[in-house]
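Worksheet: the structure to be examined is printed underneath.
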Amino acid sequence: MLSKKIVTVPPLAAPLAAVTAFGLIASLYLPAAFATKVVPNANSASEPILKPSATPSDASASERRAPKKAMTWTLKSTSGSSALFGRHGTTNAYQGDTPITERRSLLCVSKEANLSKPKELVTGEYVSSGGANVATWSKRQAFAIPDVLGSSLTSESVADGKCAAAGSLIYGNSGFRMAEHHDGTGSNPGWGFWGQAYGAIQGIDQQQTVRYWVKIKNQPANPW
């Protein structure tokens with residue numbers, strides 16, 4: 001069992017005990033195993049090359065086709081109260097990688113991007129081979145709602161509404177929405193960003209097996 005490190009929550013945030021009671025951000029506790037020096041990712045990941053999806057040959061095959069898939073990210077690293085979220089080995093930002101019949105955590109971020117980067121944070125940001133600014137400081141607060149059925153996110157407004165409702169209950173602030181692929185900073189952000197996550201991040205083991213629903217503009221890799 002992983003030990004947990006509790007990070008002091010600023011006065012504006014609700015007490016961590018109250019948050020846990022509602023069960024909305026059970027995925028935002030930080031195991032002590034993650035509270036280590038951040039090691040920048042030296043291998044700049046390039047965007048995947050996609051193959052055309054198969055077309056059903058008849059109506060019967062169409063009925064048997066696999067459920068729609070949506071894009072997911074994972075926790076890449078943490079430093080203090082900051083967390084780096086980004087692509088994992090099978091992330092597919094164009095066609096989705098996880099069936100929406102499954103349950104994953106919903107990653108939420110603040111609508112306002114005005115938080116200063118912690119002085120001690122080393123982001124390890126880099127430019128991918130495709131020209132994306134990866135692992136940048138998003139200037140946003142982040143939290144997650146665990147155990148969200150992908151098919152329940154029937155539209156962008158529904159997904160954003162879940163984050164707004166959770167933010168209102170937890171922080172007394174409804175100014176949150178579903179995290180988006182390009183929420184980092186720089187001229188062409190994508191594939192991962194740092195956010196400020198109050199409290200500790202729980203339910204994420206050393207293998208980083210927890211996956212987060214993250215939306216993306218102008219691509220069919222969303223749950224809806």
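Read-outs throughout are calculated quantities, based only on the coordinates presented, and are distinct from any laboratory measurement. What you see is a predicted model, and the numbers here were worked out from it, not measured in a lab. In this analysis, Cβ positions are derived from the backbone assuming ideal geometry, glycine residues included, and neighbour counts consider all displayed protein chains.
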So what is Rg over Rh here for the range 63-222, counting just Cα atoms and using Kirkwood for Rh? 0.95
Would you please put 73-83, 133-143 in order of how densely packed they are, using the mean number of other Cβ atoms within 10 angstrom per residue and starting with the highest? 133-143, 73-83
Of the listed links Lys162/Lys215; Lys119/Lys217; Lys76/Lys215, those spanning more than 21 angstrom between alpha carbons are Lys119/Lys217
Using each residue's phi in the range 173-183, evaluate 6.51 cos²θ - 1.76 cosθ + 1.60 at θ = phi - 60° and report the 3J(HN,Hα) Karplus result to the nearest Hz, with x for Gly and Pro. 9, 8, x, 10, 8, 5, 5, 10, 3, 9, 6
Projected onto the charge dipole of the range 91-224 (unit charges on the beta-carbon of Lys, Arg, Asp and Glu, signs +1, +1, -1, -1), the Cα from Pro189, Phe143, Ser174 with the largest positive-side position is that of Ser174
Dipole of the range 64-112 (Lys/Arg Cβ +1, Asp/Glu Cβ -1, origin at the Cα centre): which of Thr74, Thr90, Ser110 lies farthest to the positive side? Thr90
